[in-house]
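Asks: Let me begin by handing over the structure; questions about it come next.
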Amino acid sequence: MQTRIEKIDELVVKGLSIHQGQTSDIPEKWEELANTLEDNNVSQDVSYGVCIQMNENGLDYVAGIDDHLLLDDITAVTVKIPEGRFLVGKVDGGIEHIQEAFRELFSNQEVTHRPSMSFEKYIGQDLHDIEVWVPIV
């Protein structure tokens with residue numbers, strides 16, 4: 001997997017959330033977001049899947065887009081990813097390899113990981129250009 005280190009300013013994502021769900025709930029949330037965007041004629045080139053937390057109770061996750069692109073009258077949640085450095089990996093092989101890519105980045109011993117939100121970044125309308133972002137010091 002190709003990796004790089006990126007520093008970002010605060011990123012604000014607005015979208016639809018899963019609370020204490022399972023990873024198997026994620027595709028349905030993306031489908032719901034796609035329908036919402038289509039119904040409201042919202043066009044975007046980049047989407048984000050933000051893992052807020054994952055523990056024994058399940059997953060808190062947001063499927064969203066840049067907050068300024070989603071109309072205020074759409075019921076959605078906003079999540080702010082604090083500024084910082086991230087280890088970024090390009091996902092090879094499509095959506096089914098996202099978890100594998102996250103595992104590889106989180107197991108990287110050459111960087112020091114920090115507590116924050118990790119996320120997926122989908123570039124373009126097809127789901128073939130995917131990056132995973134893991135917070136590092």
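Asks: If you go through the stretch 52-62 one residue at a time, how many are buried (at least 18 other Cβ atoms within 10 Å of the Cβ) and either of a type outside the set (Asp, Glu) or within 9 Å of the chain's Cα centre (by Cα) (or both)? Give the steps one after another, and end with the answer.
Replies: Keep residues of the stretch 52-62 that are buried (at least 18 other Cβ atoms within 10 Å of the Cβ), which gives 59-62.
Adding the requirement that they be either of a type outside the set (Asp, Glu) or within 9 Å of the chain's Cα centre (by Cα) (or both) leaves 59, 61-62.
Summing the residues that are buried (at least 18 other Cβ atoms within 10 Å of the Cβ) and either of a type outside the set (Asp, Glu) or within 9 Å of the chain's Cα centre (by Cα) (or both) in the stretch 52-62 gives 3.
Asks: Could I ask something else about it? When you scan the stretch 2-24, how many residues do you find that are surrounded by fewer than 16 Cβ atoms within 10 Å (Cβ to Cβ) and touching a residue at least 12 places away in the same chain (Cβ under 8 Å)?
Replies: 13
Asks: For the condition assigned to a loop (DSSP other than H, G, I, E, B), buried (at least 16 other Cβ atoms within 10 Å of the Cβ) and in contact (Cβ under 8 Å) with a residue 12 or more places away in the chain, what is the one hit in 116, 47?
Replies: 116
Asks: Just the residues that are in a strand (DSSP E or B) and within 15 Å of residue 2 (Cα to Cα), please, taken from the stretch 79-113. Show your work before the answer.
Replies: The initial filter retains those residues of the stretch 79-113 that are in a strand (DSSP E or B), namely 79-81, 84-90, 113.
Residues satisfying the conditions are 86, 87, 88, 89, 90.
Asks: Right, here's the next one. Give the stretch 53-69 a look and list any residue that's in contact with a Leu (Cβ under 8 Å, 6 or more places away or on another chain) and hydrophobic (A, V, I, L, M, F, W, C), or say none.
Replies: 62, 63, 65
Asks: Shifting gears a bit: Give the residues of the stretch 1-25 that are at pLDDT below 95 and among the aliphatic types (A, V, I, L, M), sorted by residue number.
Replies: 1
Asks: Looking at 95, 130, 136, can you tell me which residue is surrounded by 13 or more Cβ atoms within 10 Å (Cβ to Cβ), of a type outside the set (D, E, K, R) and at pLDDT below 95?
Replies: 95
Asks: Enumerate the pairs (first residue in the stretch 80-105 and within 18 Å of residue 64 (Cβ to Cβ); second residue anywhere and of a type in the set (Ser, Thr, Tyr) and in a loop (DSSP other than H, G, I, E, B)) with beta-carbon separation below 8 Å, excluding pairs fewer than 6 apart on the same chain, so at least 6 apart or on different chains.
Replies: 81/116; 82/116
Asks: Return yes when residue 29 is closer than 18 Å to residue 125 by Cα, part of a helix (DSSP H, G or I), in contact with a strand residue (DSSP E or B) (Cβ under 7 Å, 6 or more places away or on another chain) and at pLDDT 95 or above and no when it is not. Quick ask: steps written out before the conclusion?
Replies: Details: closer than 18 Å to residue 125 by Cα: yes; part of a helix (DSSP H, G or I): yes; in contact with a strand residue (DSSP E or B) (Cβ under 7 Å, 6 or more places away or on another chain): yes; at pLDDT 95 or above: yes.
Spelling it out, residue 29 is indeed closer than 18 Å to residue 125 by Cα, part of a helix (DSSP H, G or I), in contact with a strand residue (DSSP E or B) (Cβ under 7 Å, 6 or more places away or on another chain) and at pLDDT 95 or above.
Asks: Which members of the stretch 55-89 meet the condition of being farther than 30 Å from residue 39 by Cβ and of a type in the set (A, V, I, L, M)?
Replies: The answer is 87, 88.
The values are calculated or read from the model by the stated rules, or taken from the named source; none is laboratory data. Predicted model, so just to flag it, every value in this text is computed and none were measured. In this analysis, Cβ positions are derived from the backbone assuming ideal geometry, glycine residues included, and neighbour counts consider all displayed protein chains.
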